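Working notes, beginning with the structure itself.
The values are calculated or read from the model by the stated rules, or taken from the named source; none is laboratory data. Quick caveat: nothing in here was measured; it's all calculated off a predicted structure. When we count neighbours, we look across all protein chains shown, and the Cβ atoms used for this are built from the backbone with ideal geometry, even at glycine. All accessible areas refer to the heavy atoms of the entire protein, side chains included, with ligands and DNA or RNA removed. Shrake-Rupley method; radii C 1.70, N 1.55, O 1.52, S 1.80 Å.
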Amino acid sequence: MIRIILFLLLIAVVGGGAAWLADQPGDLVLSWGGLRLTSKQPLFLLALVLVGAMLAGVILRALWKVPAYVRRNRRERLHARGRRAITQGLLAIGHGDSTSARVHAEVARRHAGNDPLTLLLHAQSAQLDGDRDGAQRAFRAMAEREDTRLLGLRGLFIEAQRADDPVTAVMVAEEALKLSPSSSWASHAVLGFCCAKGDWAGALSIIDNNQSSGLIDKATYRRQRGVLLTARALELESVDRDLARESVKEAVKLAPTLIPAAVLAAKFESEAHQVRRAMRLVETAWLAQPHPDLADAYAHVRLGDAARQRLVRVETLAAKTPGHIEGALAIARAAIDASEFAKARAALEPFTAAPTQRVALLMAEIERTEHGDSGRARAWTLRAVRALHDPVWTADGYVSDRWRPVSPVTGRLDAFQWQTPVAALPSDKGSAIETSPFEEAMLAPRPVEPPKQATASELLAPAPTPAEPIEVKPAAPAPTVQDNVPVPAALDAEPAPAEPAAAPEPAPKPESAPPAPAPLFRSRTDLPKTAPAPIPAVIPIVRAPDDPGVDEDGPADEFAEQIGPPKAQIGGWKGFLSRLGS
């Protein structure tokens, strides 16, 4: 506004002066060398003089600014050359050409040494060459400048991680977090460090700061806060149970599907005799992700229950997700504890064709506990070695036997998931260990024949007579029997009439059954099956046919018993006649 007023005043002054000059009488004469100009209107000559003076001033000003223009043009050309070198150097770093990147970095340092990207190019080329000292010097120079301080801190953090120096990395991340609270990498690093050392209060404050800075949304904030509260509750379970109970209650409200939170909260509710509330917590998490810890917590939700009561409760939980393997495994576990082996087999039957390791181990336990069959138990255990893997807690390729709030590989919060490891996923390659015939024979189903009910015609039919035993004649001559042995009752000519024996039950007819695998031990078909001969009441003494018997014609010796063993008695008819004569 002031400039407009001043401009209008200047126009008014110039106009007034021109009017005054035009009203003045006289002639205006301009004489320059041979040039003489005369005008009755001095205004025109004055205007001509002013125009000439302005042109001369413009020319003189242009000549005055020529050196500055030359210097600026040269500086811009050098800066453009440096920017071109920076661009080419970053492209060389992108495709891994360290030599070209180093050359372009030197060109950029000469022509654009004050450019922040020049320092970045030097640091990146040093990292590509493996020169950690040079990279650290470049990043320190960037951290000392106001415009590249955060970038330099990020580079120093990365170099500390590569040098396996967690203390320096955390210190740099904390400084960067103070400088810029919205820095995601700094908050992530400090959060992982707080979780690693168990500083749950510091981790919770970082989560709150991330939510207020807009780094995470509300759903992610609730989930991560629930994870941190669950971790604190698990750590303080045996130290400060009151704080652990409060933490896990808040965690369940924030993340009701978090399995460790639901299990621990159900345990605290069960101890407080809030059985229905504990069951609802477990059921909510079970519908989202069935897990064996949830099944165990549901089975023991009421303290002091018998094994059969736990089995009924687990069956109710498994019915909420029909066909899921975790429900079948939970039923089998509870049935084995309750000695209900038929229910355990029925629950595992849909998964025995391609069993997982837990299925095979449960089948081995059933065989060992129910029948004491160590052979089939060993076969199932051998099958569990090459069976499919069960889901486990996995994060970034790391497999853990328990849940953890942070991944030990990347430090990512809430990274552990209940899933099958990547190394255990099926592939198109064949199995390294093939099933052996022994294992197939041992795992063959037991041949169980149902009892056959006799019909009315079979009950009224006369009992069949047992077949007489078949005598097997040996190739050697029959041995002679000693005469003085009494004749056994089984050899009498006219045996006494025996009492009618009870008719044996007819053998059941073989029924058609599905083909079973080959048994381990097969019967010999080349040997005739003979009925066992009846055992006589008195066992006869059998002697060899060439045995002459005892010679009693020799001289009697009263000291014969002291000299040698007594002689055997004469056998055959001679012995009988000699004894009869004496």
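Side notes on the structure shown:
- Here's how it looks for SER183: its modeled amide H is under 5 Å from none belonging to a residue 5 or more places away or on a different chain.
- Taking every protein chain into account, the 1.4 Å probe leaves MET279 with about 50 Å² of accessible area, to the nearest ten.
- Rolling a 1.4 Å probe over the protein chains gives LEU9 an accessible area of about 100 Å².
- Of all accessible heavy-atom area on segment 87-142, the percent that carbon and sulfur account for (1.4 Å): 48 percent
- In this simple spin-label model, placing a label point 7 Å from the Cα along the Cα-to-Cβ direction at both ALA319 and ARG276 gives a separation of 1.9 nm.
- Gyration tensor over the Cα atoms of segment 334-380: the corresponding equivalent ellipsoid has semi-axes (square roots of 5 times the eigenvalues, largest first) of 15, 14, 8 Å.
- Net lengthening on full extension, ARG72/MET1 (0.36 nm per residue, minus Cα-Cα): 22.1 nm
- Between ALA163 and ASP199, the FRET efficiency estimated from the beta carbon spacing at R0 = 25 angstrom works out to 0.55.
- R0 of 41 Å, Cβ-Cβ distance ASP217-ALA12: FRET efficiency to nearest 0.05: 0.05
- Ordering PHE139, PHE341, PHE7, PHE193 by accessible surface, largest first, gives PHE7, PHE193, PHE341, PHE139; the 1.4 Å probe counts only protein heavy atoms, with every chain in place.
- Of the whole protein surface, HIS389 contributes about 90 Å² of accessible area at a 1.4 Å probe radius.
- Counted residue by residue at 0.36 nm each, then reduced by the alpha carbon distance between them, the extension gain from ARG110 to TRP64 reaches 13.6 nm.
- Karplus-based coupling profile of segment 273-288, in residue order and whole Hz: 6, 9, 5, 5, 5, 5, 5, 5, 4, 5, 5, 4, 5, 5, 5, 7, with θ = phi - 60° in 6.51 cos²θ - 1.76 cosθ + 1.60 and x standing for Gly or Pro.
- Zone residues, segment 100-128, relative to HIS79, backbone N less than 17 Å from point 7 Å out along Cα-to-Cβ: 108-119
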